[in-house]
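J.: Submitted below is the structure of interest, expressed as structure tokens.
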Amino acid sequence: MMRRYWQLLTRAAWIVTTAAAGLLLSATSHAKGPLDAHIEKGRQLFEREFLTGQGAEPGSDGLGPMFNHVSCAACHKQGGIGGGGPVDVNAEMISAVMPLGTVSKSKKGNGSDHLAPLRAIHPAFVDESGGLKPNLVLHRFSSDHRYDVLREQLTGKKVPYMPSDAERQSLQRELARRPLADAKVSPGFKLLLSQRNTPALFGSGVIDAISDETLLELAASQQKDSVISGRVSPIENRRAGRFGWRGQTEHLRDFVLGACANELGLEVPGVSQPVVPQQPDYKAVALDLTVQQCNQLVAFVASLPPPKIAWPDEESKRLLVIEGQKLFKQVGCILCHVEDVGPAQSIYSDLLLHDMGPGMGDPVLAMPPPGQVSSVQPAPPGIPGQSRGGYSGGFVASGLVSKRQTNGMELSRKLDPLPEDLSQEWRTPPLWGMSDSAPYLHDGRAETVLEAVVWHGGEARKSAEAFFALPAPERIKVLEFLACLKAP
């Protein structure tokens, strides 16, 4: 009953957005050929409200058992289907930070199972080999009613099924005051909560087509700059990450299927459902989406058009926006928010990692540079034919002893100190379509563009200061320019 009640409320909340976006996609709705039909089926999957027990294959379990929402479109909805999401559908993550010098592997055989407290809190903190998995998605919902109790114990809050406008604003203020929130302290561990705002997916297919060489060359050119030093989020073998707030995922297919598994709890090829805390041995016996359905879903997301500047028709306003664009470049925003990257025109992002200052610190770190030793969460199994890449990221700020696999032998040694900026590094978010994608920043803490600029520290501090040093009329011109970066 609760599940059905939630689905009815959810449908009422986004049905208007779905209808409006359907008009925008009418061209693909009338299939003109095999590719159009392929994309249209992907759109239907994107909008589909999944149900428990109803998957693609006999015996599949459908939605969940762990999930954050009932459909892709329920979160990706601002500015049309595929857009960003409001703060009340933020994904939450919980990270386990261990004290300096603690061995990161469980030793149940000799009675020193120091991971037992974490395993009791959530079994997914411990992997199949007995090692620590430091970062988990803390799901909002489960088909097991006992999960609500566990979640409330960890967060101190009940699940916000349909928060009011006042509750949304309160959540944003809370995020701004406390970027890191202590969830619970257990013996030997500190648990930290963090959040991720739903990103817009417009132009994802174009981003996916940007070559590794383009990103590596862009990073190399910035290394010569004395103001900023963006770096590629590294995927194994010098490949480049493009997607995710930390740039931790290489290709769009990895990102979409990772979201299916982690956000909807769907069993998909190459990516398994999250662990159910109350049933840690539970395994899906069949796929919830077939390979063909996954291909269709990825094709639809890849087909979402890239946003373009919506120039005003009135000449005086157009001139004002042009002046704002010049000022945007003048104060230095263009250094990170690069206008064009390869085939991505007017993306206003370099897709590189930048240190944004201590105010933007987060327990889930950016990927360390190649060769940097760290306490790592093993990368999830790769999707067939695709690279391996984490959906949620896999590092925590701690001073652990690391264990690495080298030629089949497990090695342990004290970690080299991590650069402090790993907790402060974020991929430059594309600004195209930003006018329709509030709130801003990785956890949605900024309700307005001005609030987002205030949070710019680290490498972005000088540009933020230069912006606020502008006379008020010129700041307004910059904001008018940004307001023209609308969703397609």
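The values are calculated or read from the model by the stated rules, or taken from the named source; none is laboratory data. Because the structure is predicted, anything quoted here is derived from the model rather than measured. Neighbour counts are summed over all protein chains in view; Cβ atoms, including those assigned to glycine, are modelled from backbone coordinates with ideal geometry. Only protein heavy atoms, including side chains, enter the accessible area calculation; ligands, DNA and RNA are left aside. Shrake-Rupley method; radii C 1.70, N 1.55, O 1.52, S 1.80 Å.
J.: Scan (1) in a loop (DSSP other than H, G, I, E, B); (2) at pLDDT below 95 for the single condition Pro429 breaks and write down its number.
T.: Of (1) in a loop (DSSP other than H, G, I, E, B); (2) at pLDDT below 95, only one is false for Pro429: (2).
J.: Among the residues of the stretch 447-460, is any under 18 Å from the mean Cα position of the chain (by Cα), at negative phi and not acidic (Asp, Glu)?
T.: Taking every residue of the stretch 447-460 in turn, at least one turns out to be under 18 Å from the mean Cα position of the chain (by Cα), at negative phi and not acidic (Asp, Glu).
Conditions (1) of a type in the set (S, T, N, Q); (2) modelled with pLDDT of 60 or more; (3) open to solvent by 60 Å² or more (accessible area, probe 1.4 Å), marked per residue:
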| site | (1), (2), (3) |
| --- | --- |
| Asn110 | yes, no, yes |
| Leu115 | no, yes, no |
| Asp127 | no, yes, no |
| Tyr147 | no, yes, no |
| Leu154 | no, yes, no |
| Arg173 | no, no, yes |
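J.: Out of the stretch 214-243, which residues are in contact with a Ser or Thr (Cβ under 8 Å, 6 or more places away or on another chain) and either open to solvent by 30 Å² or more (accessible area, probe 1.4 Å) or of a type outside the set (D, E, K, R) (or both)? Talk me through it step by step, then tell me what you get.
T.: Let us first name the residues in the stretch 214-243 that are in contact with a Ser or Thr (Cβ under 8 Å, 6 or more places away or on another chain), namely 222-223, 230, 235-236, 239-243.
Those that are in contact with a Ser or Thr (Cβ under 8 Å, 6 or more places away or on another chain) and either open to solvent by 30 Å² or more (accessible area, probe 1.4 Å) or of a type outside the set (D, E, K, R) (or both): Gln222, Gln223, Gly230, Ile235, Glu236, Arg239, Ala240, Gly241, Phe243.
J.: Checking the structure you have, find out if any residue of the stretch 280-295 is under 16 Å from the mean Cα position of the chain (by Cα), acidic (Asp, Glu) and assigned to a loop (DSSP other than H, G, I, E, B).
T.: From the stretch 280-295, those under 16 Å from the mean Cα position of the chain (by Cα) are none; that's our starting set.
Within the stretch 280-295 (the criterion being under 16 Å from the mean Cα position of the chain (by Cα), acidic (Asp, Glu) and assigned to a loop (DSSP other than H, G, I, E, B)), the answer is no, since none of the residues qualifies.
Per-residue answers, yes or no, for (1) at pLDDT 60 or above; (2) farther than 24 Å from Asp127 by Cα; (3) open to solvent by less than 30 Å² (accessible area, probe 1.4 Å):
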{"position": "Pro343", "(1), (2), (3)": "yes, yes, no"}
{"position": "Ala379", "(1), (2), (3)": "no, no, no"}
{"position": "Tyr391", "(1), (2), (3)": "yes, no, no"}
{"position": "Phe395", "(1), (2), (3)": "no, no, yes"}
{"position": "Leu418", "(1), (2), (3)": "no, no, no"}
{"position": "Asp421", "(1), (2), (3)": "yes, yes, no"}
{"position": "Gln424", "(1), (2), (3)": "yes, yes, yes"}
{"position": "Ser437", "(1), (2), (3)": "yes, yes, yes"}
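J.: Another question, if that's okay. For the stretch 450-461, what are the residues that are of a type outside the set (D, E, K, R), part of a helix (DSSP H, G or I) and crowded, with 17+ Cβ neighbours inside 10 Å?
T.: Residues of the stretch 450-461 of a type outside the set (D, E, K, R): 450, 452-458, 460.
After this cut, where a residue has to be part of a helix (DSSP H, G or I) as well, the list is 450, 452-454, 458, 460.
Matches in the stretch 450-461: Ala452, Val453, Gly458, Ala460.
J.: A further question follows. Looking at this structure, is Ser316 closer than 30 Å to Gly62 by Cβ and open to solvent by 40 Å² or more (accessible area, probe 1.4 Å)?
T.: Numbers: closer than 30 Å to Gly62 by Cβ: no; open to solvent by 40 Å² or more (accessible area, probe 1.4 Å): yes.
Here the answer is no, as Ser316 does not meet what is asked.
J.: Moving to a separate point now. Is at least one residue of the stretch 259-266 more than 30 Å from Val149 (Cα to Cα), of a type in the set (A, V, I, L, M, F, W, C), under 19 Å from the mean Cα position of the chain (by Cα) and open to solvent by less than 30 Å² (accessible area, probe 1.4 Å)?
T.: Taking the stretch 259-266 as the starting set, the residues that turn out to be more than 30 Å from Val149 (Cα to Cα) are none.
No, the stretch 259-266 contains no residue that is more than 30 Å from Val149 (Cα to Cα), of a type in the set (A, V, I, L, M, F, W, C), under 19 Å from the mean Cα position of the chain (by Cα) and open to solvent by less than 30 Å² (accessible area, probe 1.4 Å).
J.: Additional query: I'd like the full set of residues that are under 16 Å from Cys336 (Cα atoms), touching a residue at least 60 places away in the same chain (Cβ under 8 Å) and not acidic (Asp, Glu), limited to the stretch 443-477.
T.: Residues satisfying the conditions are Trp455, His456, Gly457, Gly458, Ala460, Arg461, Lys462, Ser463, Ala466, Phe467.
J.: In the stretch 296-323, which residue that is in a helix (DSSP H, G or I) and not aliphatic (A, V, I, L, M) is farthest from Leu479 (Cα to Cα)? Lay out the reasoning, then the answer.
T.: Narrowing the stretch 296-323 to residues in a helix (DSSP H, G or I): 296-303, 315-323.
Now drop any that are not not aliphatic (A, V, I, L, M), which leaves 296, 300, 303, 315-318, 323.
Details: Gln296: 38, Phe300: 32, Ser303: 29, Glu315: 18, Ser316: 16, Lys317: 12, Arg318: 13, Glu323: 11 Å.
Top of the filtered list is Gln296.
J.: Here are some conditions: (1) at pLDDT 95 or above; (2) within 18 Å of the chain's Cα centre (by Cα). Asp443 meets all but one. Which one does it not meet?
T.: The one condition Asp443 does not meet is (1).
J.: Would you point out which residue out of Arg11, Arg48, Arg4, Arg43 is at pLDDT below 90 and surrounded by 12 or more Cβ atoms within 10 Å (Cβ to Cβ)? Give the derivation first.
T.: Working: Arg48 fails: at pLDDT below 90; Arg4 fails: surrounded by 12 or more Cβ atoms within 10 Å (Cβ to Cβ); Arg43 fails: at pLDDT below 90.
None of the other options fit; the residue is Arg11.
J.: Continuing with the same structure: In the stretch 329-339, is there at least one residue being in contact with a Phe, Trp or Tyr (Cβ under 8 Å, 6 or more places away or on another chain), at pLDDT 95 or above and farther than 29 Å from Ala209 by Cα? Working first, answer last.
T.: Start the filter on the stretch 329-339 by keeping residues that are in contact with a Phe, Trp or Tyr (Cβ under 8 Å, 6 or more places away or on another chain), which leaves 331, 333-334, 337-339.
Keeping just the survivors that are at pLDDT 95 or above gives 331, 333-334, 337-339.
With farther than 29 Å from Ala209 by Cα added as a condition, the list becomes 331.
Scanning the stretch 329-339 turns up at least one residue that is in contact with a Phe, Trp or Tyr (Cβ under 8 Å, 6 or more places away or on another chain), at pLDDT 95 or above and farther than 29 Å from Ala209 by Cα.
J.: While we're looking at this one, here's another question. Which of the residues spanning the stretch 462-478 are within 26 Å of Gln345 (Cα to Cα) and surrounded by fewer than 18 Cβ atoms within 10 Å (Cβ to Cβ)? Let's see the steps before the verdict.
T.: Taking the stretch 462-478 first, the residues within 26 Å of Gln345 (Cα to Cα) are 462-464, 466-467, 474-478.
Of everything in the stretch 462-478, those that are within 26 Å of Gln345 (Cα to Cα) and surrounded by fewer than 18 Cβ atoms within 10 Å (Cβ to Cβ) turn out to be Lys462, Ala466, Glu474, Ile476.
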